[in-house]
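I have placed the structure first, in the form of structure tokens, so that the comments after it can refer back to it.
Each reported figure results from applying straightforward, stated rules to the coordinates on display, with no laboratory input. Only a predicted model underlies this, so the values are computations on that prediction, with no experimental measurement involved. Positions of Cβ are generated from backbone atoms using ideal geometry, with glycine treated the same way; all protein chains shown enter the neighbour counts.
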Amino acid sequence: MIDLHCHLPFGLSDGPGAEEESLRILERAAAAGTTYINAVIHAGPDEAALPGVVGRLSRRAAELGIALHPGVEYDGFSGFGGGGGVRPFTVGERSRYMLIDLRTARTLFQAPQQVSELSARGIRAVIVHPEVLFSPSQLPLLRRLADADAVMQLNAPSLLPDAPAPVRDMARRCLDAGLCSLVASDAHRAEGTRRWRLDEAREHVARLYGESAALLLFEKNPARLLDDLVPPAWHPPKRKERNGWFSQLKTLFRRD
């Protein structure tokens with residue numbers, strides 16, 4: 001698996017407080033077969049220290065078979081480089097895709113235009129955890145973002161049965177509508193509700209949508225972003241949970 005959004009760096013932003021906790025996250029990810037982690041912090045003054053902290057973790061990560069990359073989760077459409085020769089932190093060395101959190105955006109209706117403007121500057125937007133920030137009534141806005149070439153990323157815990165019901169429902173709606181291209185951990189801790197659960201989410205998606213869908217969301221599409229390639233349009237299969245008693249009930253009451 002490839003994890004393009006993991007708050008792995010310790011002592012920075014809201015990530016783990018100590019190196020030992022970051023190492024436990026690495027070991028958990030490695031045990032699940034992860035090969036790449038975009039180790040992110042939130043945009044701000046800690047960006048200067050980010051490469052050093054990620055470099056310190058990289059030796060152990062390499063021993064575990066994981067490549068690390070320093071990344072930043074940007075707040076809205078400002079506060080990052082792109083001018084004056086300063087390159088923003090992207091999800092990979094060869095990629096122009098960068099993580100954007102719309103939590104603090106004041107004018108969401110302008111977001112599609114802003115995504116298009118970024119694209120004209122050679123920056124490609126990955127809108128993170130829309131299932132947390134948006135409601136079902138805002139699905140048309142997410143469609144407009146997708147039409148403006150934004151890529152959307154779901155959080156792994158949002159897909160699991162113990163997620164808050166509104167978040168879980170919105171995550172499923174995004175997948176059913178073909179709006180989201182990848183899933184990432186958004187892990188912040190080694191334990192607790194913000195722990196690394198990417199493997200659990202992958203197993204759950206495979207049960208609901210099939211192995212081919214899980215392969216696309218957790219491996220193929222993230223790899224395409226690392227190669228600076230646009231993920232292909234995805235038309236998800238119907239969830240397997242829809243094919244049980246509900247389908248039989250519809251057949252029973254079908255009008256001929």
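Span-like helix check, the chain: no full DSSP H segment qualifies, none having both a Cα axial length of 30 Å or more and a mean Kyte-Doolittle of 1.6 or more. Approximating the spin labels as points 7 Å out from Cα along Cα→Cβ, the GLU93-to-ARG121 distance works out to 2.5 nm. When shorter helices are ignored and each DSSP H run of at least 4 residues is given -39500 (n - 2.57), the per-residue value for the chain at 222 nm works out to -10500 deg cm²/dmol.
For the range 95-213, what's the relative contact order in percent, using C-alpha pairs closer than 8 Å and at least 6 residues apart?
Computed over the range 95-213, the figure is 21 percent.
Across the range 1-62, counting alpha-carbon atoms alone, Rg and Dmax equal 10.9, 33 Å.
Based on alpha-carbon centroids, what's the gap between the range 56-76 and the range 114-148 in Å, whole number please? Result: 25 Å between the Cα centres. The relative contact order of the chain, computed from alpha carbon pairs under 8 Å that lie at least 6 residues apart in sequence, is 18 percent. Evaluated at q = 0.10, 0.15 Å⁻¹, the base-10 log of the normalised Debye intensity for the range 2-252, with identical point scatterers placed on the Cα atoms, takes the values -0.46, -1.04.
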